[in-house]
Amino acid sequence: MLSHARAALVRAIAASGSCREAQALHSLAWKLGLASDVVLTTALLARYARRGLLAPAQRLFDEMPRRDVVAFNAMLAALGAAGRVADARALFERMPDRTPASWNAMVTCYCRAGDLGSARLLFEASLRAGSSSVVSWNAMIDGYCKAGRMDSARELFDRMGPTLPDVVTWNTMMAGYLHRGEPAATIAMFHQLMHIHHHQQQQQQEHRLRPTTVTMATAVTACTQVGDFALGRQIHLQIQQQGTRADAVLSNALMDMYFKSGRADLALDVFRAIPPYRRNLFCWNTAIAGLGMNGRGEDAVAAFHDMVGDGEVKPDAVTFVAVLSACSHSGLVAAGRDLFADMLPVYGVPPRAEHYGCVADLLCRAGRADEAARLVRAMPGRPNAKVLGSLLLDAGVRQEGGGVRMSEWAARRISEMDVGDGAAYGLSNVYASLQRWDRVEEHRREVSAAVRRGKGPCCKQPGRACYDQGFCTS
């Protein structure tokens with residue numbers, strides 16, 4: 001009877017979804033006299049460790065009368081996840097036996113802490129001890145990739161030879177290049193991986209590299225960044241031919257690519273293929289932003305209402321930037337006003353500077369610069385240069401004195417908070433359009449003086465659009 005209870009408890013611990021459940025099962029084990037059972041306590045320890053519950057994990061570990069290598073590895077992983085590097089190393093040093101998992105946990109611990117030097121020394125020691133695996137290599141390569149040290153990651157990857165890397169190794173390298181801003185290198189690795197995959201397929205090898213949805217999502221994102229939409233489309237067709245089910249990450253990457261290539265119809269096909277219960281916030285945000293980007297503001301607003309209609313997915317600050325931007329670029333003043341007014345009372349999302357910037361831009365584009373100015377003046381806190389920039393640039397289009405006065409007010413606010421923003425130059429353009437050359441020279445002298453004091457817009461990146469910073473001015 002007790003053996004059945006033990007087996008049932010082990011299964012229940014493995015399936016427990018919360019700390020409270022695990023602790024209740026822990027209490028039950030004590031009541032049944034199974035507190036000293038190594039398998040049971042190790043299962044509990046692993047569960048605590050995976051949920052980041054270091055204190056109960058440490059207490060349980062210290063109370064265990066006997067500890068096997070699995071218990072040591074679970075505790076080692078828990079200490080590493082908590083950033084307790086010194087404690088993890090001390091435990092590692094006193095382990096009676098070590099498995100590849102022990103070395104991997106310690107290498108990962110150092111990598112998380114950013115101590116790649118110690119991680120590399122330990123990794124090389126694991127190779128000499130004959131206690132490494134492909135997981136060890138992947139842990140070290142991942143550490144280098146996350147630190148942006150792609151040369152070191154590539155050196156290790158090349159050392160692995162043609163057979164040791166698994167698909168995780170390839171995915172890690174591809175993602176590392178992508179995050180480093182080298183999408184072309186990501187695509188080159190993708191082609192290399194697919195060549196190996198097709199060769200192994202032709203040879204009918206039993207153990208072969210199989211690209212995953214992560215592989216495809218990374219490759220599609222790289223295609224989007226370099227503008228190679230033909231290759232991205234080819235990858236998508238290949239996914240469909242293979243019958244691979246696209247998860248949320250891959251679907252998101254495909255939608256983003258199609259929207260940015262102007263193929264909103266194909267992006268929406270991808271979106272509709274996602275089962276409704278799998279459409280997470282990222283998918284909805286991509287759909288709303290993409291529709292707005294393609295001039296389909298009414299569809300973006302409709303998508304927003306579809307998202308919030310069933311109540312399962314709640315909008316966040318990014319959602320509102322996307323839908324308000326869509327309203328701005330499509331001239332949907334009433335819809336934009338209503339959405340902005342509902343942010344906090346209906347959806348619990350406090351408006352931030354970027355949301356005020358979107359609405360100010362919406363109003364200015366609709367010729368309602370006075371209303372935009374009142375909105376900006378009523379902002380809680382001081383408006384930043386990006387928000388004021390929409391007033392400066394849009395209000396200046398109006399040729400009457402009120403427009404110039406508004407531009408002057410906005411420019412003064414910009415210079416007070418950050419004359420390093422390039423929007424300060426916008427007032428010169430307003431004066432020039434009115435042939436007020438005296439004011440042009442006066443304003444430019446003021447900006448030049450600010451530059452000499454080290455506060456001017458010399459540090460602004462040329463060609464950097466305001467939208468890149470998450471705002472709607474353009």
Answer check: the range 53-188, Cα atoms, Kirkwood Rh, Rg/Rh ratio of 1.02
Please give the FRET efficiency for residue 69 paired with residue 234, using the beta carbon to beta carbon distance and R0 = 45 Å, rounded to the nearest 0.05.
0.45
Taking K and R as +1 and D and E as -1, what net charge do the other residues with C-beta under 15 Å from the C-beta of residue 291 add up to?
-1
Given a cut-off of under 8 Å on Cα pairs at least six residues apart, what relative contact order in percent is computed for the range 181-250?
34
Subtracting the Cα-Cα distance of residue 298 and residue 248 from 0.36 nm times their residue separation yields 15.6 nm
Stokes-Einstein D in µm²/s, Kirkwood radius over Cα pairs - the range 284-352 at 4 °C with 1.567 mPa s viscosity
112
Mean accessible surface per residue for the range 195-292, computed with a 1.4 Å probe while every protein chain stays in place, in Å²:
52
Under 12 Å, Cβ to Cβ, from residue 153 - net charge with Lys/Arg +1 and Asp/Glu -1:
+1
Report the local net charge at residue 109: Lys and Arg +1, Asp and Glu -1, summed over other residues whose C-beta lies under 11 Å from its C-beta.
+1
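The values are calculated or read from the model by the stated rules, or taken from the named source; none is laboratory data. Given the structure is predicted, the values throughout are model-derived calculations rather than measurements. As a convention, Cβ positions derive from the backbone with ideal geometry for all residues, glycine included, and neighbour counts pool all protein chains shown. In case anyone asks, the SASA skips ligands and DNA or RNA and just uses the protein heavy atoms, side chains included. Shrake-Rupley method; radii C 1.70, N 1.55, O 1.52, S 1.80 Å.
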